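A.B. asks: Before we start, here is the structure in question, set down as structure tokens.
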Amino acid sequence: MIAVEQLTKRYGRHTAVDDVSFHCEPGTVTGFLGPNGAGKSTTMRMICGLTPPTSGTATVTGHPYRHLPNPGRTVGVLLDASAQHAGRTGREALILAAATMGVDRRRVDELLDRVGLTGAAAGRRVGKYSLGMRQRLGLAQAFLGDPQVLVLDEPANGLDPEGIFWMRGLLRDFADRGGTVLLSSHLLREVEAVADRLVMIGGGRIVAQGSKEELLADSGTLVRARDREALREALLRAGLPVSDGTDGLLVDADGEAVGLAAAEAGVPLTELRPAGGGGLEQLFLTLTAGTAPDRLAGPLAPVAPTEETRR
């Protein structure tokens, strides 16, 4: 399992991660979600011993990552598919990783076949790989040591729809056999399809966590009016968090509070209902509204690599 307890990371005056706590249990896939700059990658780097926390702890199977005698045999990590030696072939990269971990070399061909990098692809230099091929190689490296835990940051980037479907089955099978998966992704529909639990972070703090069923059963209120901007202003004056949904405004409050705010401002409503039917995308928009320092057009927009993920 993964246990994160009161984890905090500060860079000078900037707090990237603020008092974050959550657990990932064996047999589950946990979706770790948040807008750009929310603290996801920093948290995952702290779990994997790459970034020292300012305070708090993160353990994998009861131990800090750096205290694991052979980490790759316990936890498989994929944080940046581009951080691979461009001059080696895919097979050479796995052979070196296998030798480092003390894994039988025969497992290299088994994993190459499993991730679809066989024949000429296995002998091609990584620098000539597409992003999707590097993701597949990174997943092979994560599985190489037959770990109990997987920590994956945006593993679906660069994969085509067939590849994303394949990856979903791979992770579901791993969890169903007792493995623990922590998965960060901006592909919300794919996370919704595979995850058992959700942890949402915004502005460096956890804004919601729980089982997928619990969180999606109560995801705020959807409200519409002919004068959308007047409605938005009325809700903001009432102190209610508001974000834009595909069908109206999403409000992190119950229907009664939303209706009262609109009535007091004299804004007639054309629709007022629970937003739960909108699934994970609407829940994401509602809970993370206003927490991102640099909002993109939507949660499914492509993610540019940050300076930290390049290191």
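A.B. asks: Starting from residues that are in a loop (DSSP other than H, G, I, E, B) and in contact (Cβ under 8 Å) with a residue 40 or more places away in the chain, keep the ones in the range 63-81 and report whichever is nearest to L139 (Cα to Cα).
C.D. replies: A81
A.B. asks: I'd like to verify a number: residues in the range 108-121 that are surrounded by fewer than 20 Cβ atoms within 10 Å (Cβ to Cβ) and more than 25 Å from the chain's Cα centre (by Cα), how many?
C.D. replies: The number of residues fulfilling the criteria is 7.
A.B. asks: Quickly run through the range 38-51 and pick out the residues that are in contact with a strand residue (DSSP E or B) (Cβ under 8 Å, 6 or more places away or on another chain) and surrounded by fewer than 21 Cβ atoms within 10 Å (Cβ to Cβ).
C.D. replies: Scanning the range 38-51 gives C48, T51.
A.B. asks: Considering only the range 234-257, how many residues are part of a loop (DSSP other than H, G, I, E, B) and of a type in the set (A, V, I, L, M, F, W, C)?
C.D. replies: So the count comes out to 3.
A.B. asks: Among the residues in the range 94-115, are any in contact (Cβ under 8 Å) with a residue 24 or more places away in the chain and of a type in the set (S, T, N, Q)?
C.D. replies: Yes: the range 94-115 contains one or more residues that are in contact (Cβ under 8 Å) with a residue 24 or more places away in the chain and of a type in the set (S, T, N, Q).
A.B. asks: Could you tell me whether P35 is under 29 Å from G169 (Cβ atoms) and either surrounded by fewer than 24 Cβ atoms within 10 Å (Cβ to Cβ) or in contact (Cβ under 8 Å) with a residue 12 or more places away in the chain (or both)?
C.D. replies: Yes: the conditions hold for P35.
A.B. asks: Could you tell me whether G102 is modelled with pLDDT of 95 or more, more than 25 Å from the chain's Cα centre (by Cα) and not assigned by TED's automatic domain parsing to the domain that holds S184?
C.D. replies: Spelling it out, G102 is indeed modelled with pLDDT of 95 or more, more than 25 Å from the chain's Cα centre (by Cα) and not assigned by TED's automatic domain parsing to the domain that holds S184.
A.B. asks: Out of E229, E192, which single residue is at pLDDT 85 or above, touching a Leu at 6+ places or on another chain (Cβ under 6 Å) and acidic (D, E)?
C.D. replies: So the residue among E229, E192 that is at pLDDT 85 or above, touching a Leu at 6+ places or on another chain (Cβ under 6 Å) and acidic (D, E) is E192.
A.B. asks: Next question. Considering L198, L182, L188, which residue is under 12 Å from L33 (Cα atoms) and in contact with a Gly (Cβ under 7 Å, 6 or more places away or on another chain)?
C.D. replies: Exactly one of L198, L182, L188 is under 12 Å from L33 (Cα atoms) and in contact with a Gly (Cβ under 7 Å, 6 or more places away or on another chain), namely L198.
A.B. asks: Scan the range 258-276 residue by residue and report those that are surrounded by fewer than 16 Cβ atoms within 10 Å (Cβ to Cβ), assigned to a helix (DSSP H, G or I) and in contact with a strand residue (DSSP E or B) (Cβ under 8 Å, 6 or more places away or on another chain).
C.D. replies: Result: G259, single match.
A.B. asks: Do you know which residues across the range 227-246 are surrounded by fewer than 17 Cβ atoms within 10 Å (Cβ to Cβ) and within 25 Å of the chain's Cα centre (by Cα)?
C.D. replies: Scanning the range 227-246 gives D244, T246.
A.B. asks: If you check E154, E162, which single one turns out to be assigned by TED's automatic domain parsing to the domain that holds C24 and on the phi > 0 side of the Ramachandran plot?
C.D. replies: Only one candidate qualifies: E154.
A.B. asks: Residues in the range 118-163 that are out of contact with any Asp or Glu (no Cβ under 7 Å at 6 or more places or on another chain) and in a helix (DSSP H, G or I): how many?
C.D. replies: Residues flagged as out of contact with any Asp or Glu (no Cβ under 7 Å at 6 or more places or on another chain) and in a helix (DSSP H, G or I) within the range 118-163 amount to 23.
The values are calculated or read from the model by the stated rules, or taken from the named source; none is laboratory data. Everything quoted here is computed from the prediction, not taken from an experiment. As a convention, Cβ positions derive from the backbone with ideal geometry for all residues, glycine included, and neighbour counts pool all protein chains shown.
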